[in-house]
C-alpha cells in the first residue's frame, strides 16, 4: 500500500504547531488516499506535495521574516562592535585602513588603465572577422623581421584566391606633411594617405556627407574628417568642393566622423588610390608600403587561412623576392589584438600599447594587494591577545565559534569598505596625474560607471573577507579556560613562525618589485643613452619644400649662414625615420643582398657624427664619388663575407637606380663606418649602405650648437620663407623620433616606480605597526634591561635584529625569482642591460635603509622611555 512521503510530515511539524500539524496531516492523508484510488501513485504524491506547500507557505514567510530580522540585528550589532574597536585602537586602525586604501586605489587605477587598454577597437562591427595582414621577412643573411606593411597585391590576390575573404582595404601612409590649400587658407596636414574606398566599411566610419559605396572611386577625390571640414569649410557643406593638394585639385567626395579615441587606426584624410599610385605599382609583390586589412565571411576558419598563406606567398611572391635576397610569409593578426600585440612589427602607424606592460601592471596589483592583506593578518593575529578576554567571555555566555568568525570577519569588511571609500577619493585625485604620465584620457565617468562601481564594491568586500578570515579563525580558536586563566596560546612558536613567514613574504614581494623597477628604469635609460653609431642630439631636420631643391648648394649655404649652425646635409634616410630597404648586388657573384640604403651628400657623415673605421668619407674633390662610390657599415661588410670589415674596401657592388629602373649604378666601397642603429634598440642592427644620390633627397639636417636656440630657429624660419612662399615653416629634432620609440618603456618605468614606491610604503607601514606592537609588549623587558645597564644602542639592536633577519631571508629568496623574471622580460630587446650583482645590491640597500628607519625610530623611542613608568604599568 502506498503511503504519503514521511519527509513531508517532518516539514509540516517544523512550521506548524503540533496540534495544528496533526490536524492538517490527517486531512492531507485523507486526500492522498482519495486521489490514489482515482489516479496513479505519482499523481497522488504530486498533489500531496502541492497541498503541503499550500499550508506551509504563510507560516514559512512569517518564520523567514523573523530569521531575516534576527540576521539583520546580528549584522547591525557586528557593525557597531567593529566601529567601536576601530575607534578604540586608532593607531592600528589607521595603519590597516591606510594600507588598504592605498592598495585599493592603486588596484583601481591599474584596473581603469587596463580596461582602457582593452577597449581598443571594440566599437567595430564584426570585429572577430576583421584581420590585418603582416609579413614575416626572412633575409639570406639569417635576419628575421616582422613588418606591418605589405605589398599592394596581397589584398586583391587574397580576395581572388580565397572565397572566405569578404573584402579587403589598403592604406598607403604619407610619412611627410602634406600642404592643403582652400582659398587663402593654407596648412600642412599629417595623418593621412591614400586608401581604397572600402576603408569606410572596414572601420565602420559614419559619413556625414557623401556615399560610402562610391567615395574614393574616382581620380582626384578626397575624403576628410569633421575636424578638417570645419577647419577649411566652416559649418557649411564640403561635398563637391575643391582642395588643392600636390598642386592638383581634389574634389571632396566624403566627410566622415573622426575616428573614435579607442581606434588603433587614426587618420584625418584619404586620397583616392588610383590618383597617387599607378596601376603598375599596385601590381607589385615586393613594395612593402601598404597597411592591408581583410574581413572574412561568417564561419570562416582564420587559422586555416593563415596556415595556407605560406603556399600563397610561395606561388606569387617568392619567384620575385628570392632573387633579391629574401622572402616573406604573410600572417593574419586579429584587429582586436593590434593595439597590444603588434609592438614587434616594424613600420607600424597604429596607436600601440604593449601586452607586457599589462601583465606587469597586473602583477604589481596582485603584489600590493597581497602585501596589504598580509599586513592586516599580521597585525590582527599579533594583537589577538588583546581581544582574547572578549572571546573568552563571549564563549562562556554561549557564543558559537561560527558567530565569532562572522563577527571578526565583518569587522575586517567594515575596514575594507572604509578603505574603499577613501580609495575612491584618492583615485579621483590621482587619475588626472596618471593621465598625464600615461598620455591617456581615462574619464572619472568610467570609475562611476554602475558596472565598475559594482565590481569595485564586490572587490572591497571580497578583500575584507580574505584579510579577516584567517585572523577570525585564529582568534576564535582560543579556549575560554586558557584565556580566563591567563594561559593564552597566541604566542605559541608555530603562530609566531607563521607571522614571521608572512613578513618574509611581504618583503620578498617588495624586493621583487624594487628590482623589477630598477631593471625597467635602467633598460629605458640604456636604450635612450647608449651609443647608436651616430650623434642624435642637436640635429634639426627640415623637409625640402618649394624652391629649396632648385640649387642645393645655394640652399645649404643660406641656411648655414648663422654662427650657431655647424654643418648641414641633404639626404633621404635618417635614423628613426623613413629609409629605403633596398638591395645591392655583388658584382662578382651576382648575388643580391638585402640592405638599408641611405642616400646622402658629402656632409652627411660629418653632420650626423658617424664614425669611419676604415677608408675615407665622400669628398667633393673627387667627382667620381657621386656616381661610383659606396660606404658600408660593419654589418654590411660582414654580410658580403668579410670577417674583418676593413677588407671590404674596394669591393665592387651594383645597385638598381631609382631614377632609371632598368639601369645599374656600379661602384666600389670606399669606406666603412661603425654600425648604425636606424630603429629602436629592441631590434638587431641591420646592414646599411650610404651613397650620394641627389635625386632622392627629401630632408636637410642641420647640426646646431648648444644654446641660443631661439635665434637659430628664427634664422631658419626667415630662410625658409625666402624659399617657400606657400609652405608654413616646419622643423623637428632628430632625437624626438627615438623619444617616441621608447615612449612605452618610459611610461612603464614611471608608472612602475610610482606603484613600487607605494608598495614599499604599504609594506613598511605594516612593519611599523608590528614593531610598535612588539615593542609595546616588550616594554617591561626593555625597562629591566635598561635598569641593569643595557645601552640604548644594544636595546635598539635587540628589538631590530629579528626584523633585519627576516628582511635578509626575503632578499635571498627574491634574488633568483627576480633574476628569472627580469631575464625573460629583457629577451624582448636585442640590446639590453646586464643583470649585474650591483643592481640587486642597490635594491637590498634601498629597502634595508627604509626598513632600518622604520624599525629603528620606533625601537629608539621605546628605549628612551622611562623604565619606572613602564614597570609601574606592569
Within segment 603-618, can one find any residue that is farther than 14 Å from residue 670 by Cα, assigned to a strand (DSSP E or B) and modelled with pLDDT of 90 or more? no
Run residue 178 past the list (1) surrounded by fewer than 18 Cβ atoms within 10 Å (Cβ to Cβ); (2) under 20 Å from residue 580 (Cβ atoms); (3) touching a strand residue (DSSP E or B) at 6+ places or on another chain (Cβ under 6 Å) and report the number of the one that doesn't hold. (2)
Determine, yes or no, whether residue 874 is surrounded by 16 or more Cβ atoms within 10 Å (Cβ to Cβ) and modelled with pLDDT under 70. no
Those strands (runs of 3 or more DSSP E) lying entirely in segment 102-192 with at least 3 residues assigned by TED's automatic domain parsing to the domain that holds residue 261 and within 30 Å of residue 244 (Cα to Cα): 165-173, 178-182, 185-189
Of all residues in segment 650-664, which are in contact with a helix residue (DSSP H, G or I) (Cβ under 9 Å, 6 or more places away or on another chain) and modelled with pLDDT of 90 or more? 651
Going through segment 688-704 one residue at a time, which ones are touching a helix residue (DSSP H, G or I) at 6+ places or on another chain (Cβ under 8 Å) and part of a strand (DSSP E or B)? 688, 689, 690, 692, 700, 701, 702, 703, 704
All positions within segment 540-561 that are surrounded by fewer than 20 Cβ atoms within 10 Å (Cβ to Cβ) and within 14 Å of residue 727 (Cβ to Cβ): 543, 544, 546, 547, 549
Those residues of segment 509-553 which are more than 30 Å from residue 755 (Cβ to Cβ) and part of a helix (DSSP H, G or I) amount to 546, 547, 548, 549, 552, 553
Name every residue in segment 562-602 that is in a loop (DSSP other than H, G, I, E, B), modelled with pLDDT of 90 or more and in contact with a helix residue (DSSP H, G or I) (Cβ under 8 Å, 6 or more places away or on another chain), in order of residue number. 562, 564, 601, 602
Single condition residue 629 does not satisfy, out of (1) in contact with a helix residue (DSSP H, G or I) (Cβ under 9 Å, 6 or more places away or on another chain); (2) crowded, with 16+ Cβ neighbours inside 10 Å; (3) farther than 21 Å from residue 551 by Cα: (1)
Look through segment 268-289, keep the residues that are in contact with a strand residue (DSSP E or B) (Cβ under 6 Å, 6 or more places away or on another chain) and either outside the structural domain of residue 199 (by TED's automatic domain parsing) or assigned to a helix (DSSP H, G or I) (or both), and return whichever of them is nearest to residue 180 (Cα to Cα). 276
Against the definition (within 30 Å of residue 685 (Cβ to Cβ) and not in a loop (DSSP other than H, G, I, E, B)), how does residue 838 come out, yes or no? yes
Of all residues in segment 212-256 being under 38 Å from the mean Cα position of the chain (by Cα) and in a loop (DSSP other than H, G, I, E, B), which is nearest to residue 189 (Cα to Cα)? 216
Single condition residue 292 does not satisfy, out of (1) within 35 Å of the chain's Cα centre (by Cα); (2) in a loop (DSSP other than H, G, I, E, B): (2)
Going by what's in this entry, would residue 693 be described as buried (at least 21 other Cβ atoms within 10 Å of the Cβ), within 30 Å of residue 740 (Cα to Cα) and over 40 Å from the mean Cα position of the chain (by Cα)? yes
Which members of segment 404-453 meet the condition of being modelled with pLDDT of 80 or more, more than 20 Å from the chain's Cα centre (by Cα) and under 30 Å from residue 339 (Cα atoms)? 423, 424, 426, 428, 429
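The values are calculated or read from the model by the stated rules, or taken from the named source; none is laboratory data. As the structure is a computational prediction, the values presented were derived from the model and not from experiment. Counting neighbours? That spans all protein chains shown, and the Cβs are built from the backbone with ideal geometry, glycine included.
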